[in-house]
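To start, the structure under review is shown below, and the notes come after it.
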Amino acid sequence: IISENMTIDKDFIIEKNTTLIINNGVNITLSDNANIYIYGKIKALGNTFSPIKFIGHHNSNSAIYVNSIESQFNFCQFTELSALNNNLKFPLFKDMWETSSAITLYESSDISFNNCLFTNNQNGDDMINVVRSEKITFSNCSFRDILSDALDSDFSNIKIEDCQFVLVG
C-alpha cells in the first residue's frame, strides 16, 4: 500500500501475484529515467478531491508498462511521461527494449481508467498504446496537450466512453 507521496528513481516492478494499492491524494514522481512495470495488479484509488498523480520529472524519460489482469486507475493524472527507452540506461547495448508510448498496455485484460487525465507527454509516438489486450476501458477520461496520438490500439478490444481529446498532435 502506498499512502504517502514518493519519488521513484529506479525501476519499480509490481510482480505477478502481487497487488499494489495506491491511496487517494498520493503523488508519484518518476525521476532518473525510472519506469513502473506492472505485472501484478494495481488499484489506484483516487477521488474527485484527491486524485493520484503520476508525474515524470523534467529531464527524465519515464514510462509505465502494464502486462496485467484486473487493474484499475480511478481519478489519476498522468503527466510529463515519455516513451519507454531502456537504451538510455544501457547505452553499451544496442536495441534494448523500448516502446513507442508513455503508457503501454501489453497483453493485458480487464484494465479500467475512470476519470483520468493524460497530459503533456514528453516524447514518443503515443500517450497510450494498447497492444494485444482485451476488456480495456477508458471512461470519463481527458487527453490534453498530447504530442502525437493520444490513444493507439493494436489488435485490442477497448471501450472508450465520454472521453475528451483536446490539443492532440
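The values are calculated or read from the model by the stated rules, or taken from the named source; none is laboratory data. Because the structure is predicted, anything quoted here is derived from the model rather than measured. As a convention, Cβ positions derive from the backbone with ideal geometry for all residues, glycine included, and neighbour counts pool all protein chains shown. These accessible areas exclude ligands, DNA and RNA; they are computed on the full protein's heavy atoms, side chains included. Shrake-Rupley method; radii C 1.70, N 1.55, O 1.52, S 1.80 Å.
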Give the residues of the stretch 142-165 that are more than 20 Å from residue 74 (Cα to Cα), of a type in the set (A, V, I, L, M) and either open to solvent by 50 Å² or more (accessible area, probe 1.4 Å) or in a loop (DSSP other than H, G, I, E, B) (or both), sorted by residue number.
147
Test of understanding: among 18, 48, 7, which residue is at pLDDT 95 or above, hydroxyl-bearing (Ser, Thr, Tyr) and touching a Ser or Thr at 6+ places or on another chain (Cβ under 8 Å)?
7
When the residues of the stretch 113-137 are narrowed to those that are among the hydroxyl-bearing types (Ser, Thr, Tyr) and more than 13 Å from the chain's Cα centre (by Cα), which ends up surrounded by the most Cβ atoms within 10 Å (Cβ to Cβ)?
133
Mind counting the residues in the stretch 1-28 that are open to solvent by 70 Å² or more (accessible area, probe 1.4 Å) and either among the hydrophobic types (A, V, I, L, M, F, W, C) or closer than 15 Å to residue 62 by Cβ (or both)?
5
Members of the stretch 30-74 found to be open to solvent by 40 Å² or more (accessible area, probe 1.4 Å), touching a Lys or Arg at 6+ places or on another chain (Cβ under 9 Å) and of a type in the set (Phe, Trp, Tyr), listed by number:
39
